[in-house]
Amino acid sequence: MNVLPMIRLEAKDLTVKYGDFLANDRVNLALRAGEVHAVLGENGAGKSTLMNVLIGLQQPSGGHLERDGREVRFAGPQDATTARIGMVHQHSMLVEQLSVVDNVALGLERGLGRVPLKRLSAELSAIADQYGFEVDPWAEVSTLSPGERQRVEILKLLHRQAEVLILDEPTSVLAPQEVRPLLHALRRLADGGRSVVLITHKLAEVAEVADCITVLRAGRVVLQRPMQGADATELAHCMVGSEAQAKPQTEGSEIRVPFGEPVIAYEGVKVAAAAGRAPLEGVDLTVRAGEIVGVAGVDGNGQQALADCLAGLSSVTQGRLALHGQDVRKLSVRVRRQLGLAYIPEDRHHTGLVLDLSVADNLRLHDYRRRPWASLLGRLNRKGILAAGREAMQAHDIRARSASQQARWLSGGNQQKIVLARELTGAARAIVVSQPCKGLDLLSTRAVHDALQAQRRKGAGVLYISTELEHLLDQCDRIAVLSRGRIVGEVHCTGHNRADAHARIGELMAGAK
Amino acid sequence: MTAVRIVMGLALALFLGSGLILLGDGNVLAVYQALLVGAFGDQHGWDAVLIKACPILLASLAVALPLRLALFNLGGEGQIAMGGLFATVVGLQMEQASPVVAIAACVIAGSIGGALWASIAAAMKVMRGVNEVISTLLLNYVAAAVLSWAVSGPLMAPDAPYPYSQELPDSTWLPSAFEGWGAHAGIWLAIGLAVTLQWVYSQGSVGMSARIVAMSPQTARYSGLSPTRQTLGTFALAGACAGLAGAFEVIGVKYQLFQSFVGSFGYDGVIAAMLGAAQPAAAAVASIFLAGLKVGANAMQRATGLSVSLVEALQGVIILCITISAAFPVIRLTWLRLRQPQLKEAV
């Protein structure tokens, strides 16, 4: 009776080398029809590399692939598409200015003649109905939410009759209420005979839908088993290895000093909407010294404006905004920093860092113009900057080949550590953090939280904006709920027990939405 | 790397050029020898080279500095014209002044003229997002019209048979670069400027700021830099360099203003800046090379009797080959900025 379903795609002893670095070391992976296969691993464990091989973006240095039992070699993504293997990338690969149908049509028809868009849209609607996706085929992609875009990408693959679907961190771009429907849809796809690969580092999601699990660490498969009977703690330990077990889970439950003077104060602050940024409609919020105040809410409810106006990146149209009691509305970014403001922005890649600059240079973004990093004549002290970069790499466990390596080539966690090292050294007294753990693995997330708690103990006030409610509940003293540009309520974490706080915040989020 | 590429580009150009020369029934070796000796063989050649190199060098700086911010200034022609116009207007008032004062006044006026003209495009860029390639290019035509109006109207010399200004007073005339040479001392200032800017951009925090703004404007704002101010400042400085070229042409070479005094130095400057990969010092070397090519071409024509068009085609081939081979870093910088959001992370 124990007949295993057919293997759709199999990787045998797959090895990928970058120089002397083994990104994948003899990885074996069998993707069966009708199964959801979860691939777990921390950042840099080799998940992306493995998937790139499966979809023909990367040539293996050793081992091979078998499609339905026959050895195949993909020279490029086109070959993988022909072999009915498709991938939904973490960030949308759609052309924003085109409609959904246009995007599906792209690369589909070759040769001259008109593309039968009407027929295509009918086909799309049919597939969408079958799997319960709501998508308007004629909508322009730029008007769609990240969740809708993701559904379009899945539809596109289904329309191409992909049999193996690979999804890279699909839930990372979704609002909490969108996660479950997606997981259910994936389940249905698998039940329909397809083979689904789910790349993630969120264990809870895996438990819900996966049939099999493969855990990668440092390029190797460290665990491969059916989901049934798997234990979450065991999986977590597998993913992070021995390092993580040495430290306690959180440091939230220690004795706290009483809170001090207000360091950040929003009084009826309004900020106008801008391209891709929701407005603030009048926010009152205070953060005192030694306090961590969380801001919860579904993404796109004014979080960006809340952080940007304090950092000096967007102007306040109404209300008052103060740091240590001083009105900062008219002050420049630089003066605000001198008042002790530190800002860890959500977008590491385009705001927090200059990816093409070195690690050492990125650590000096705010002070390279001042001594000792520049002489009186303005000459950069390159040696000093590099030396300081090496020290910071040591002190903050930033893993890079050298201090002069471009930030682009570091993993997300290490990139975030550069930002932390830069923002949280010196006399940061008011700290704004926006989604600091987005895309980070467990160890890096812990490093971020440890750094924030250390600052709080030194007396800084922290405004912690996040859509990860669990993180907020772990770290914050008080959580304000932001909805449609307003604070719709606050929950004290110390008084309530965790479940009550969670429920109350959920009500607040739902009530105003 | 760049040096190797340039040498390869030059070799390719000479090879392709040989074909052209053979087609024109010339002796390849004799032609190239005439080119080289004509430009750099004696004092006479060098003198002519330095005269031409000065405006090209300054115009190339006007292109190279905005390129550091991944912005393209094609307005060298117009900025040179305005520099010349301002310098002439001021210079004509300097009858009584001492040479030091007169020259300084002309130089400052020329720089201001060029800076103001470049700032029009920069202001449109930061206020309305007008593409600087288009605006700087089109402003060249406006500048040409203004210049034409000035020399055929208010500035036109009395009794002149065609539009040119009165000759400037002696006090404004630049001294020679060397005793007895025709080249003016402005070349020293131009070279000094190139070296200084090279130092400032490669060693200084100014260069770092430019890199940050060019690579990630959003990060620049986050760390307290203003892309707007950088754009305005850099364009003003670039315009001042080009304006200086115009002033030097007037007070160092022509001593009067007329419609065509700009030559095509503005566009030569674009080529020199690309050849120099937006490095001021390298652009300076490229400018001298381009000037040498122009001077050598004249000598080549005189010595070998090849037709003018062949000589020009040869120049074109040489410039094209070297530009293509040397301009890679610049193209990549601009390209990188354009496709940055799509760049993939490693591993």
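The values are calculated or read from the model by the stated rules, or taken from the named source; none is laboratory data. Nothing here was measured: the structure is a model prediction, and the numbers come from that model. Reconstructed Cβ throughout: ideal geometry from the backbone, glycine too, with neighbour counts over all protein chains shown.
A few remarks follow.
- Among the numbered conditions (1) within 20 Å of A:E423 (Cα to Cα); (2) without any contact (Cβ under 8 Å) to a residue 40 or more places away in the chain; (3) of a type in the set (S, T, N, Q), the only one that A:Q326 does not meet is (1).
- Filtered residues of the stretch A:342-352 (kept if more than 11 Å from A:Q416 (Cα to Cα) and at the interface with another protein chain (Cβ under 8 Å from one of its Cβ atoms)): A:Y343, A:H350, A:T351
- Restricting A:L285, A:L355 to those that are outside any strand (DSSP E or B) and either of a type outside the set (S, T, N, Q) or facing chain B (nearest Cβ under 9 Å) (or both) reduces the list to A:L355.
- Test: residue in the stretch A:491-500 that is touching a helix residue (DSSP H, G or I) at 6+ places or on another chain (Cβ under 7 Å), over 29 Å from A:G46 (Cβ atoms), of a type outside the set (D, E) and surrounded by 19 or more Cβ atoms within 10 Å (Cβ to Cβ): yes
- Subset tally (residues that are away from chain B (no Cβ under 12 Å), among the charged types (D, E, K, R) and part of a strand (DSSP E or B)) for the stretch A:13-31: 3
- Test: B:T219 is under 19 Å from B:A286 (Cα atoms), polar (S, T, N, Q) and within 14 Å of chain A (Cβ to nearest Cβ): no
- Some residue of the stretch B:145-162 being within 21 Å of the chain's Cα centre (by Cα), surrounded by fewer than 17 Cβ atoms within 10 Å (Cβ to Cβ), in a helix (DSSP H, G or I) and among the hydrophobic types (A, V, I, L, M, F, W, C): yes
- Evaluated against (1) more than 14 Å from every other protein chain (Cβ to nearest Cβ); (2) closer than 23 Å to A:V335 by Cβ; (3) at pLDDT 85 or above; (4) more than 17 Å from the chain's Cα centre (by Cα), A:R422 falls short on exactly one condition, (1).
- Of all residues in the stretch A:331-341 being hydrophobic (A, V, I, L, M, F, W, C) and out of contact with any Gly (no Cβ under 8 Å at 6 or more places or on another chain), the one that is nearest to the other protein chains (Cβ to nearest Cβ): A:V335
- Residue match in the stretch A:32-44 (condition: modelled with pLDDT under 90 and more than 14 Å from chain B (Cβ to nearest Cβ)): yes
- Pairing each residue of the stretch A:303-318 that is at negative phi and part of a loop (DSSP other than H, G, I, E, B) with any residue that is crowded, with 24+ Cβ neighbours inside 10 Å and not hydrophobic (A, V, I, L, M, F, W, C), provided the two are 6+ apart or on different chains, yields C-beta distances under 6 Å for A:S314/A:D308.
- For the stretch A:328-354, a residue qualifies if it is touching a Lys or Arg at 6+ places or on another chain (Cβ under 6 Å) and farther than 15 Å from A:V462 by Cα, and exactly one does: A:V328.
- Once the stretch B:92-104 is narrowed to residues that are surrounded by fewer than 19 Cβ atoms within 10 Å (Cβ to Cβ) and among the hydrophobic types (A, V, I, L, M, F, W, C), the residue that is modelled with the lowest pLDDT is B:A97.
- Residues located in the stretch A:411-429, provided they are closer than 20 Å to A:V263 by Cβ and in a loop (DSSP other than H, G, I, E, B): A:T425, A:G426, A:A427, A:A428, A:R429
- Options A:G62, A:G41, A:G19; residue that is within 26 Å of A:R188 (Cα to Cα) and in the same structural domain as A:D211 (by TED's automatic domain parsing): A:G41
- B:L336 being farther than 20 Å from B:I51 by Cβ, more than 15 Å from the chain's Cα centre (by Cα) and modelled with pLDDT of 75 or more: no
- The residues of the stretch A:364-398 that are among the hydrophobic types (A, V, I, L, M, F, W, C), more than 9 Å from every other protein chain (Cβ to nearest Cβ) and buried (at least 17 other Cβ atoms within 10 Å of the Cβ), listed by number, are A:I385, A:L386, A:A388, A:A392, A:M393, A:I398.
- Of everything in the stretch B:198-210 that is out of contact with any Gly (no Cβ under 8 Å at 6 or more places or on another chain) and at the interface with chain A (Cβ under 7 Å from one of its Cβ atoms), the residue that is surrounded by the fewest Cβ atoms within 10 Å (Cβ to Cβ) is B:Q203.
- Qualifying residue in the stretch B:92-107 (condition: part of a loop (DSSP other than H, G, I, E, B), closer than 22 Å to B:G186 by Cα and touching a helix residue (DSSP H, G or I) at 6+ places or on another chain (Cβ under 6 Å)): yes
- Residue selection: A:V283 satisfies the criterion of being over 28 Å from A:G413 (Cβ atoms) and in contact (Cβ under 8 Å) with a residue 24 or more places away in the chain.
- Tally of residues being among the small types (G, A, S), surrounded by 17 or more Cβ atoms within 10 Å (Cβ to Cβ) and closer than 15 Å to B:G296 by Cβ across the stretch B:4-37: 4
- The selection criterion, being more than 24 Å from B:Q315 (Cβ to Cβ), surrounded by 21 or more Cβ atoms within 10 Å (Cβ to Cβ) and either of a type in the set (S, T, N, Q) or more than 14 Å from chain A (Cβ to nearest Cβ) (or both), holds for B:G243.
- Selected residue (only one of A:V316, A:V335, A:V359 is of a type outside the set (S, T, Y), more than 20 Å from A:G282 (Cβ to Cβ) and buried (at least 19 other Cβ atoms within 10 Å of the Cβ)): A:V359
- Among the criteria (1) over 24 Å from A:E507 (Cα atoms); (2) surrounded by fewer than 21 Cβ atoms within 10 Å (Cβ to Cβ); (3) of a type outside the set (A, V, I, L, M); (4) touching a residue at least 24 places away in the same chain (Cβ under 8 Å), the one A:S411 does not fulfil is (2).
- When each of B:S325, B:S309, B:S287 is tested for being assigned to a helix (DSSP H, G or I), at pLDDT below 85 and buried (at least 17 other Cβ atoms within 10 Å of the Cβ), the lone residue that passes is B:S325.
- Test for A:Q405: is it surrounded by fewer than 22 Cβ atoms within 10 Å (Cβ to Cβ) and not assigned by TED's automatic domain parsing to the domain that holds A:G282: yes
This table checks each residue for (1) outside the structural domain of A:A128 (by TED's automatic domain parsing); (2) in a helix (DSSP H, G or I); (3) not hydrophobic (A, V, I, L, M, F, W, C).
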residue	(1), (2), (3)
A:R149	no, yes, yes
A:V152	no, yes, no
A:L157	no, yes, no
A:S172	no, yes, yes
A:R180	no, yes, yes
A:L183	no, yes, no
A:V206	no, yes, no
A:L216	no, no, no
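- Test result for A:V432, outside any helix (DSSP H, G or I) and modelled with pLDDT of 90 or more: yes
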